[in-house]
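Chemist: To start, I am sharing the structure in question, which I have written as structure tokens.
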Amino acid sequence: MSSRSTTSNRKQQTGSDSGDWSARPFPIEAHTCKCGIELPINTSWTDKNPGRRFLALSHCNYFEWVDPEMCGRSKQIIPGLLKKLKKLEDDMKEDKENQGKMLIQLQLYKKKVMKLMVVILALLLFIAMHMILKL
């Protein structure tokens, strides 16, 4: 997996959202670099540090891990789970696109059926009138 990270807003880091991977059971203190800039919380998504948060600013050459290092088992399992999750999300996106295409096809078929029903109704009327006139 490539080196990737995401940045989150520190003020929202209280751990109250159980669905947030970067949530922590206690608030994180605001950190500033030596330049006085507040450091954003980043999340590493590398195979070596999946989901591990850190503070960093490249122009100050500042780096600090917020979370402790994960155990080896977590480092083995999490990347595979993330890949499976990504595949499921991609499949869902593809299914949604296919669903949209199928809905368009359905609308076209409905129009064709309506046209055929009009033709059938006209033919039935023609036949009925023809039979009445023969009487």
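The values are calculated or read from the model by the stated rules, or taken from the named source; none is laboratory data. Quick caveat: nothing in here was measured; it's all calculated off a predicted structure. Using ideal geometry, Cβ is built from the backbone for each residue, glycine included, and neighbour counts are taken over all protein chains shown. Surface accessibility is based on the protein's heavy atoms, side chains included, excluding ligands, DNA and RNA. Shrake-Rupley method; radii C 1.70, N 1.55, O 1.52, S 1.80 Å.
Chemist: With the checklist (1) at pLDDT below 90; (2) over 28 Å from the mean Cα position of the chain (by Cα); (3) among the aromatic types (Phe, Trp, Tyr) in hand, flag the one item Phe26 doesn't pass.
Modeler: (2)
Chemist: Would you confirm whether any residue within segment 69-81 is of a type outside the set (Gly, Ala, Ser), without any contact (Cβ under 8 Å) to a residue 40 or more places away in the chain, surrounded by fewer than 10 Cβ atoms within 10 Å (Cβ to Cβ) and under 20 Å from Thr46 (Cα atoms)?
Modeler: Checked against the condition, which is being of a type outside the set (Gly, Ala, Ser), without any contact (Cβ under 8 Å) to a residue 40 or more places away in the chain, surrounded by fewer than 10 Cβ atoms within 10 Å (Cβ to Cβ) and under 20 Å from Thr46 (Cα atoms), segment 69-81 yields at least one hit.
Chemist: Which one of the conditions (1) at pLDDT 90 or above; (2) open to solvent by less than 40 Å² (accessible area, probe 1.4 Å) does Trp65 fail to meet, given that it meets all the rest?
Modeler: Of the numbered conditions (1) at pLDDT 90 or above; (2) open to solvent by less than 40 Å² (accessible area, probe 1.4 Å), the odd one out for Trp65 is (2).
Chemist: Something else: Identify the residue in segment 32-42 that is in a loop (DSSP other than H, G, I, E, B) and either more than 28 Å from Pro79 (Cβ to Cβ) or without any contact (Cβ under 8 Å) to a residue 12 or more places away in the chain (or both) and, among all such residues, is least open to solvent (accessible area, probe 1.4 Å).
Modeler: It comes out as Cys33.
Chemist: Still on this structure, I have one more. Residue by residue through segment 43-60, note down the ones that are more than 16 Å from Met70 (Cβ to Cβ) and open to solvent by less than 40 Å² (accessible area, probe 1.4 Å). Let's see the steps before the verdict.
Modeler: Step one: filter segment 43-60 for residues more than 16 Å from Met70 (Cβ to Cβ), giving 55-60.
Passing the criteria: Leu55, Ala56, Leu57, Cys60.
Chemist: Right, something else. I'm told Lys75 meets every condition in (1) within 20 Å of Glu29 (Cβ to Cβ); (2) more than 21 Å from the chain's Cα centre (by Cα) except one. Can you identify the failing condition by its number?
Modeler: Status for Lys75: all satisfied but (1).
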